[in-house]
Amino acid sequence: MKNIGKYITITLLVAFALLTLFLSSSVIFDWFGIREKEGDYVLFVVQSNFISSVLYVVAAFGFLKNKKWTIAPLLISVVILIVAQIGLHYHIDAGGLYEEKTVKAMYFRIIVTLVFSVIAFVRYKRIKN
C-alpha cells in the first residue's frame, strides 16, 4: 500500500505526458487535421508543450526508479512553460493571433507541472542519488 501514491503519480504523469505529446505533435506535424482545428495556435507555445511532454516521460521514469533527479526535468519543464507563457503575453500584446483557451491551458499546465514538481521534491528530498 505504501507505493500506491507512487503508482498513482506515475500513472497521472504518464497520462498527462502522452496527452500533451499527442496534442502538441499533432499540431506541429499536422497529424489527423488537428492543426486546422486548433485555430490560431502559437507555434512556440506548442513547441514548449512538446518539449515538456518529453520531460514528463523522463520524470515518470525517474519516479518509477525512485531517483532524486526526477525533480530536475519537472523544474526544467516549469521554467520552459513560464518562459513560453511570458512570450505568449508579449505575442498577444503585439497584436498576434491566439486562442483564449491557449492562455488558460498554459496556466493549467504550469500549475499541474508545479504540483508534480512538489510531489517529487517531497518524495525524494532525503534520497542521496
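Rule-based calculations on the coordinates, nothing more; no lab input. Remember, it's a predicted structure, so these values are computed and weren't measured experimentally. FYI the Cβ positions are ideal-geometry reconstructions off the backbone, even for glycines, and counts take in every protein chain you see.
Given q = 0.09, 0.16, 0.23 Å⁻¹, what are the Debye log10 I(q)/I(0) values for the stretch 4-124, with equal point scatterers placed on the Cα positions and solvent ignored? Calculated log10 I(q)/I(0) at the listed q: -0.25, -0.74, -1.26.
About the Cα centre of the chain, how large is the charge dipole given +1 on each Lys and Arg Cβ and -1 on each Asp and Glu Cβ? Please answer in debye to the nearest 20.
Numbers: 14 positive and 7 negative charges, 253 e Å.
Dipole size: approximately 1220 debye.
Kindly rank 51-58, 70-77, 82-89, 109-116 from highest to lowest mean number of other beta carbons found within 10 Å of each residue. Mind showing how you got there, number by number?
On the way: 51-58: 20.0, 70-77: 21.9, 82-89: 15.5, 109-116: 18.5.
Highest-to-lowest ranking by the protection proxy: 70-77, 51-58, 109-116, 82-89.
Taking Cα atoms, how many degrees apart are the long axis of helix 4-28 and the longest axis of the chain, rounded to 10 and kept between 0 and 90? It is inclined by approximately 20 degrees. Taking the C-alpha atoms only, the angle from helix 71-93 to the longest principal axis of the chain is near 20 degrees. Rounded to the nearest 500, the 222 nm mean residue ellipticity of the chain from helices alone is -26500 deg cm²/dmol, with -39,500 (n - 2.57) taken per DSSP H run of at least 4 residues. Of all aspartates and glutamates in the structure, those lying under 18 Å Cα to Cα from Lys104, and not within fewer than 8 positions of it along the same chain, are Glu38, Asp40, Asp93. Each part gets one Cα centre, and for the stretch 1-61 versus the stretch 104-125 those centres are 14 Å apart.
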